[in-house]
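The values are calculated or read from the model by the stated rules, or taken from the named source; none is laboratory data. The structure presented is a predicted model; accordingly, all values stated were derived computationally and were not measured. Positions of Cβ are generated from backbone atoms using ideal geometry, with glycine treated the same way; all protein chains shown enter the neighbour counts. Side chains included, ligands, DNA and RNA excluded: accessible areas come from the protein's heavy atoms. Shrake-Rupley method; radii C 1.70, N 1.55, O 1.52, S 1.80 Å.
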Amino acid sequence: MDNPRQLAFIALRWVQRGAYADVALDRVLRQTDLSSVDRRLATELVYGSVRRQRSLDALIDQLAKKKAQQQPPDLRIILHLGLYQLRYLDHIPDAAAVNSTVELAKKNGFSGLANFVNGLLRQYLRLATREDPLKLPAHSVERLGILHSYPDWIIEVWLKQFGYKETEQLCAWFNQPPAIDLRINPLRASVEKVATALQEAEVGVTRVANLPQALRFTTSTGAIEKLPGFDAGWWTVQDSSAQLVSHILDPQPGEVVIDACAAPGGKTTHIAELMQDTGTIWACDRTVSRLKKLQQNIARLQLKSIQICPGDSRNLPHFVNIADRVLLDAPCSGLGTLHRHADARWRQTPETVKELTVLQTELLTHVSTWIKPGGVLVYATCTLNSEENEAIVQAFLTQHPCWRIEHPAANSIGVPYATSSGWMQVLPHHQSMDGFFIVRLQKESQ
């Protein structure tokens, strides 16, 4: 049987060469017969080592003569794996973590440095008996960045918006493994029916407050697609925050609704469910490969009201003034979903955010032309960055005086997340779901 640490090493080597962490992990796990326990360990080691990369590098910098960036790349991965187990995994005995890491070094071409690996890890353990071996700078940005393993620019964005205490809580929350939520398809099953079927299969679930179609897994699930009701279209996987977006849009049966950035289709299919699969939903996206996933979901959930429209929503010409409602779930930096995407914090930069704000502005400006007088546009992102959220909306309203923010009604599902300005913000460490920004905009009747 394969060794979970060796598989984690192989996956991390692919990540280091540019692969996405989830893709690299999936590639190694598909080629193995690991037990479910070992699969979980390999998964934890890959995602954890990627998330905690800055903290682990700082430890190498402090414990070794050569800085982390000067170590041979494969050896740096091996040291990350060893230090990650010692620092963050309570269920692995220290001796097992040290010995398995030394063996990993020997197996992967570093026999001559096995003593160095052994010595560095044991030095960490010796220091840990007296104090935290990770020495932190006094400066708050670097301190939080090294302790919780984020680039300084993300810390700066959050400190400016939320202050020190909230930023620290956010950082800690995003280093936890993500919960998995389901959205029940009410056209095929009830929440009670799905919960009972899953519990009979010995899979624990609980209701999610305030969201009528949501269940959250409370135990390990195994392969999602093998669970009761998946093939029959009873449910789909979708985080609670993403479910909230379609409820805020509040589409009605018989309407014309456009989802401007639809793939892979979680919100599109939810809109169809809320409309009782009547009316017309146009699902637009420029990425054809992701639209295939949407088509698979439409088929599995047995929905008929969705029309696929490939193309870039910045220049699709044929929707002017036809829509009752439009959803713009805009491409964004994803700072509200960093727990789901282990490497996202390292892939995004201030430069990529600037590019995204241009795209978001162009999309919002164009898709607003699709809406009938009196119609509704919901702008949403899964990021916690005011440049991509409040600033985009405020600039749009300044330039388009016939639009206004519609505050959530007193009985609305959006009330718990509403701000005095009228937009809604989900903060993960308060609401235990992905970070989201949602605003409902209404066009004047003429």
Rounded, prolate or oblate (a/c below 1.5 giving rounded, otherwise prolate when a/b exceeds b/c) for the range 297-446 by Cα gyration tensor: rounded
GNM top mover of PRO72, PRO228, PRO186 - the chain, alpha-carbon springs below 10 Å: PRO72
Gap separating the Cα centres of the range 7-84 and the range 388-412, nearest whole Å: 43
Average accessible area per residue (Å²) across the chain - probe 1.4 Å, nucleic acids and ligands excluded: 43
Between helix 21-30 and the chain: long-axis angle, C-alpha atoms, 0 to 90°, nearest 10: 70
Solvent-free Debye scattering, log10 I(q)/I(0), computed from the Cα coordinates of the range 279-331 at q = 0.18, 0.20, 0.26, 0.29 Å⁻¹: -0.65, -0.80, -1.23, -1.35
GNM result for the chain, Cα springs below 10 Å: residue of GLY414, GLY204, GLY48 fluctuating most strongly: GLY204
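What are the equivalent ellipsoid semi-axes of the range 58-185, built from the alpha-carbon gyration tensor (square roots of five times its eigenvalues), in whole angstrom, biggest first? If you can, show how the numbers build up before the last one.
Details: eigenvalues 183, 80, 40 Å².
Working through the eigenvalues yields semi-axes of 30, 20, 14 Å.
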Computed over the range 82-132, Cα set: Rg, Dmax in Å: 11.0, 34
Pairs from LYS292/LYS354; LYS193/LYS292; LYS67/LYS107; LYS267/LYS293; LYS304/LYS372 whose Cα-Cα separation, in the structure shown, is over 20 Å: LYS292/LYS354; LYS193/LYS292; LYS67/LYS107; LYS304/LYS372
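Quick one: Kirkwood hydrodynamic radius for the range 160-290, alpha-carbon pairs, angstrom, one decimal?
16.4
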Residue among ARG183, ARG13, ARG52 with the largest mean-square fluctuation in a Gaussian network model of the chain, springs linking Cα atoms under 10 Å: ARG13
Under 14 Å, Cβ to Cβ, from CYS402 - net charge with Lys/Arg +1 and Asp/Glu -1: +1
Exposure of GLU255 as accessible area (Å², to 10), given a probe of 1.4 Å and all protein chains: 30
Values of log10 I(q)/I(0), in the order q = 0.20, 0.27 Å⁻¹, for the range 122-174 under a Debye, Cα-only, solvent-free model: -0.69, -0.97
Kirkwood-based Rg to Rh ratio, the chain, C-alpha trace: 1.00
Between the range 418-446 and the range 324-370, the Cα center-to-center distance that results, in Å: 15
Helix axis angle, 94-107 relative to the chain longest principal axis, alpha carbon, degrees: 90
Hydrodynamic radius by Kirkwood, which averages 1/r over all alpha carbon pairs of the range 398-446, in angstrom: 12.0
Portion, in percent, of the accessible area of the chain that falls on carbon or sulfur, probe 1.4 Å: 51
Share, in percent, of DSSP beta bridges within the chain that are antiparallel, nearest 5: 55
